[in-house]
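Following: one structure in C-alpha cells, then a few remarks.
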Amino acid sequence: MKTEHSISAGAPGGYREVLRMAYPLIISTGSFSVMQFVDRVFLARHSAVSIQAALPAGLLSFTLICAFMALAGYANTFVAQYHGRGDPEGCSRATAQGVWLSLLSWPLILLLIPVGRWLLANAGHAPEVLAQELDYFTILMVGGVTIPLGAAISSFFTGRGDTLTNMYAQVAGNAVNIVLDYALIFGHWGLPEMGIRGAAIGTVIAGVVPSAIMFALYFSPSLHAAYHTRTSFGWNRRLMARLIRFGLPSGLHLLLDVSSFSAFVLMTGHMGALPLAVSNIALSINTLAFMPLVGISIAASTLVGQYQGRHDATHAEKSGWTALKVGLIYMTGMAASYVLLPRLYFTLFSSEENGGFTLDELLGLGRYLLIMMATWGLLDSVNLILAGALKGAGDTRFVMWYSTAGSWGLLVPGQWVVIYHLKGGILMAWAWLTFVIMILSVGFWWRFRQGRWKSIDVLGRQEPLPPARTGTEAYILPE
C-alpha cells in the first residue's frame, strides 16, 4: 500500500505555499496572544497590583524555561529536513529525542525556582507587587515542563507541514486557559477568588491540553503505520548528539535574547508606578502582534529546513524572503492600529481599580510607547522571521552570537546607562530598545542574503537521498 501525505501548495517558496504553512501557525500563536491579552485584561480589572506583577514574573519564568523549550523544539528542524528527504522514521526518531530532552529539563526548571525568586526579590519592586510576583512565578515554574514538552511533540506535526493539527491543539488549550482564568481570578462557578494565583494555576492546567491532544494523535494507529512512532520512541545517541549540537545554540540564543528583555522590564520597575503600569500594558498589547510573527517564523524555519533537506537552496532562500514579506504586510496593519487606535487599546486595561490612574493619564504616556512599538515591531519582523529561516538551515551559531552581541552588548548596558545614570525615563529607554532592534534587523538581513547557511549539513547524511518531494507538496510513503 501507499499513502499520500499533504497536497500541492503552489509554486515552491511562493506566497501560496508560505501562507498554507503559516496561517494555522498564525492562528495558533494568535490564539495564544489573545489568551495572554485576555489574561492581562482580567488581571488589570482585578487589581492594579496584579497587572504590574504579571508581566515581570511571567516574563522571568519564560526566560528561565525558554532555553529548554528551544532545545527540545529544535527537533522541528530535524523533522523538516527528514521530511524533505523522504525519511518518515527519521521524523519520529527526531521527535522522540526532543521529547526526552523536554522531560529531562523538568528537574532543572524546578532547581531554577530559587534563582528566579532571588532575582525578583532584588528587582526593587514595591512589596505588594513583589508578593504577587513570587506567587505567579513559582506556580508557572512548577508546571513549566509543559512548555518544552509541547514544543517537542508539536515539532513532529509542524516539521512535516501539518500545521493544522498544531493549530487545533493550541487553540483548544488557549480556550481552556481563558475559561479557567475567568473562573479562578474572579472566583466564579463556585471556585475561590484567587487573583493572580488563579491565573497561574489556569495557565499550568491548560498547558497540558495541547500536548495531550498531540501525543494521542502521535501514537495513533494511522501515524504509527506510516512513521513507526511507537517503535521509534527510544533514545538515539547519534541523533541526540546532533540535536544538542545544533539545538543548544538555538536554546542559548533564546535564553540570552529573552533574558536581556527581562532585564529591561525589571529595570523599568524603578521608574515609578505610572511608567511601570503603562510600559507593562503596552508590552501586553504587543503580544497581539508578536506571537503571530512567531508563527510566520516557524513556517519560514520549516520550509527552509524542508528544502535544505532536499539540497534545494534556491527554493529555501525564496521561502525565507516570501515569509518575511508576509510578516511585514501583517505587521504594517498592526502598526497602523497602534498609531490610530491607542485609546481603544488602553481602554481595555483601564478600570476603577487601576492604581488610581485615569485613562487619560495612561494615554498621555502610552500613545508615545505605541508609536515606538509600531516602529520596532516592523524591524522585529525581520529579526524573528529571518532568524527562524537561518535556524531552519542550521545556522544557529550565528543567530546565537549576533543576538547576544545585540542584547547583552548593546541593549542591557545601554538601558542601564539610560535608566540609572541619565535618569532618562521610559521614553528614552524605549527609544534605545528601538535602536538596538534596528541594528539586529540589519545583521539578520545581511546574513540571510549572504547565503553561507546554504552549505550547512544538519543531518550528516551519508547515504543517497530517496525519491521524495519537498515543501508541503505531496509525496508517497510506503506502508
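What follows draws every value from the coordinates through simple rules; no lab data is involved. These numbers come from a predicted model, not from an experiment. Here Cβ is always computed from backbone atoms with ideal geometry, including for glycine, and neighbour counts include all displayed protein chains.
Across region 47-61, computed HN-Hα scalar couplings (Karplus, 6.51 cos²θ - 1.76 cosθ + 1.60, θ = phi - 60°) run 6, 5, 5, 4, 5, 5, 7, 5, 5, x, 5, x, 5, 5, 4 Hz from first to last residue, x flagging Gly and Pro. Note that region 278-284 has calculated 3J(HN,Hα) couplings of 5, 5, 5, 5, 4, 5, 5 Hz, one per residue in order, obtained from phi through the Karplus relation 6.51 cos²θ - 1.76 cosθ + 1.60 (θ = phi - 60°); glycine and proline are x. Using C-alpha pairs under 8 Å with a sequence gap of at least 6, the mean separation divided by the residue count of the chain gives a relative contact order of 28 percent.
Each residue of region 122-135 is assigned a 3J(HN,Hα), and the resulting list reads 9, 7, x, 7, 4, x, 5, 6, 4, 4, 6, 4, 5, 4 Hz, derived from the Karplus form 6.51 cos²θ - 1.76 cosθ + 1.60 (θ = phi - 60°), x at Gly and Pro. Here, region 118-186 is characterised by an Rg to Rh ratio of 1.13, where Rg is the alpha-carbon radius of gyration and Rh the Kirkwood radius.
The count of lysine pairs in the chain that are at least 8 places apart or cross chains, and whose C-alpha atoms lie under 25 Å apart, stands at 5. For region 188-328, a crude dipole built from +1 on the beta carbon of Lys and Arg and -1 on the beta carbon of Asp and Glu, taken about the Cα centre, is about 560 debye to the nearest 20. Compared with the dominant principal axis of the Cα atoms in the chain, helix 313-340 is inclined by about 20°. When the Cα atoms of the chain are aligned to their principal axes, the ranges along those axes come out at 68, 51, 37 Å in descending order.
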